[in-house]
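Right, one structure below, let's go through it.
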Amino acid sequence: MKVGDEAAVMSGGRSVAVAAYEAEQDKRRRWIIVARILVGIAFLAFWEFSSGRLIDKLFVSSPSAVFARLWKWTWDGTLINNLSITLYATALGFLFGSLVGFTLGLLFGRYRAVAEILDPYITALYSIPKIALAPLFIIWFGIGIESKVAVSASIVFFVVFLNTYAGVRDVNPLYINAIRIMGGKQWHVLTSVIMPSATSWVITGLKVSVPYALVGTVIGEFMSSNRGIGFLISQATGLFDTTSVFAGLIILAVIGAIFNDALGRLEGWLLRWR
């Protein structure tokens with residue numbers, strides 16, 4: 001057999017192996033999706049059965065009542081009106097907090113002296129429970145959407161900042177020195193080594209901060225608001241309306257899951273070079 005024929009056989013064998021592996025992975029993904037659906041159905045069925053039989057409906061409501069409430073909110077405009085406010089504040093808080101956290105994390109990671117000087121102050125601010133800042137933001141920015149954005153951004157900032165800082169400090173100095181030996185400037189070091197190496201850390205920080213951004217917005221809506229999902233939950237709590245409380249919680253859970261999935265896909269696209 002000639003060398004070319006041997007290469008063709010080996011290539012064909014690898015193609016078959018790759019196809020078999022991909023088919024196995026597709027089968028596994030389908031199985032996981034089915035298992036997830038079955039777990040969800042089992043949970044809802046047990047909840048429906050337990051409501052009014054094992055636990056008083058006043059405390060847990062029921063899936064049928066919760067989805068009926070969500071349907072009613074959808075048709076009368078309550079859902080879209082309040083959800084749009086919560087999403088807008090969450091998006092702004094996430095954006096501002098991420099940008100500032102990423103910028104300062106990059107600065108602290110690149111310039112050690114800056115980090116050493118300001119580290120005690122950052123640590124002190126990080127130690128403050130963010131919910132304690134909410135009344136102060138309300139005084140500063142009023143009861144409008146600005147205070148909700150501020151609470152959300154303050155939480156997101158520290159998560160993104162700490163991850164970015166750790167990612168920049170984790171870059172192998174050998175790569176940086178190699179770029180400099182080849183005549184690269186600061187900009188080349190930043191774009192060719194530091195940014196790609198720290199991307200996974202930054203994306204992890206963004207994924208972690210998504211639910212925190214939502215938490216910050218909802219906390220602000222709990223404390224002072226007349227619109228938003230947090231307002232609906234707070235109002236329902238005062239009326240002992242557990243059906244509306246669970247409906248609001250389900251909305252928040254779905255939003256968080258969608259955002260997290262979107263960031264996971266973004267992570268796969270940004271790290272495709274690996």
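Could you please rank M182, M223, M195, placing first whichever residue has the fewest other Cβ atoms within 10 Å of its Cβ?
M182, M195, M223
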Q. What is the stretch 125-274 by shape, rounded, prolate or oblate, if you read a ≥ b ≥ c off the alpha carbon gyration tensor as root eigenvalues and call it rounded for a/c under 1.5, prolate for a/b larger than b/c, and oblate otherwise?
A. prolate
Q) Residue by residue through the stretch 227-243, which ³J(HN,Hα) values in whole Hz follow from phi under the Karplus form 6.51 cos²θ - 1.76 cosθ + 1.60 (θ = phi - 60°), with glycine and proline marked x? A) 8, x, 5, x, 5, 4, 5, 4, 5, 5, 4, x, 9, 6, 9, 5, 4
Q) Tell me, in nm to one decimal, what length is gained between L58 and I32 on full extension, where the rule is 0.36 nm per residue of separation less the Cα-Cα distance? A) 5.9 nm
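Taking 30 Å as R0, compute the FRET efficiency from the Cβ-Cβ separation of I122 and L95 and round it to 0.05.
In this case the efficiency is close to 0.90.
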Q) In what order do Y88, Y165 fall by count of nearby beta-carbon atoms within 10 Å, going from fewest to most? A) Y88, Y165
Q) With a 10 Å Cβ neighbour count serving as the proxy for reagent exposure, in which order, fewest first, do L206, L190, L83 appear? A) L190, L83, L206
Q.
How big is the dipole moment of the stretch 62-270 about its Cα centre under a simple scheme where the beta carbon of each Lys and Arg is +1, that of each Asp and Glu is -1, and everything else is neutral? Debye, nearest 20, please.
A. 360 debye
Q) If you average the sequence gap of Cα pairs under 8 Å that are 6 or more apart and divide by the length of the stretch 195-258, what percent do you get for the contact order? A) 23 percent
Q) Given the convex hull of the Cα atoms of the stretch 190-247, what is a quarter of its surface area in nm²? A) 5.4 nm²
(Q) Through the Karplus equation 6.51 cos²θ - 1.76 cosθ + 1.60, θ set to phi - 60°, convert the phi angles of the stretch 83-98 into ³J(HN,Hα) values in whole Hz; use x for Gly and Pro. (A) 5, 4, 5, 5, 5, 5, 5, 5, 5, 5, x, 5, 5, 5, x, 5
Q. When the helices in the chain are scored as -39500 (n - 2.57) per DSSP H run of 4 or longer and the sum is shared across all residues, what 222 nm value do you end up with, to the nearest 500 deg cm²/dmol?
A. -29000 deg cm²/dmol
Q. Quick one: how many lysine pairs in the chain have C-alpha atoms under 23 angstrom apart, if they're 8 or more apart or on different chains?
A. 4
Q.
What distance in nm lies between label points placed 7 Å from Cα along the C-beta direction at T103 and S50?
A. 4.8 nm
Q. Here are some values of volume of the Cα convex hull per residue in Å³: (i) 183; (ii) 195; (iii) 145. Which one was computed from this structure?
A. (ii)
**Q.** Karplus (6.51, -1.76, 1.60) ³J(HN,Hα), θ = phi - 60°, over the stretch 137-143, in Hz, Gly and Pro reported as x
**A.** 5, 5, 5, 6, 10, x, 8
Q) Relative contact order of the chain: what whole-number percent is it, with Cα pairs under 8 angstrom and at least 6 residues apart? A) 23 percent
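No value in this document is a laboratory result; all are computed from the given coordinates. Because the structure is predicted, anything quoted here is derived from the model rather than measured. Note that we place each Cβ from the backbone using ideal geometry, even for glycine, and neighbour counts take in every protein chain shown.
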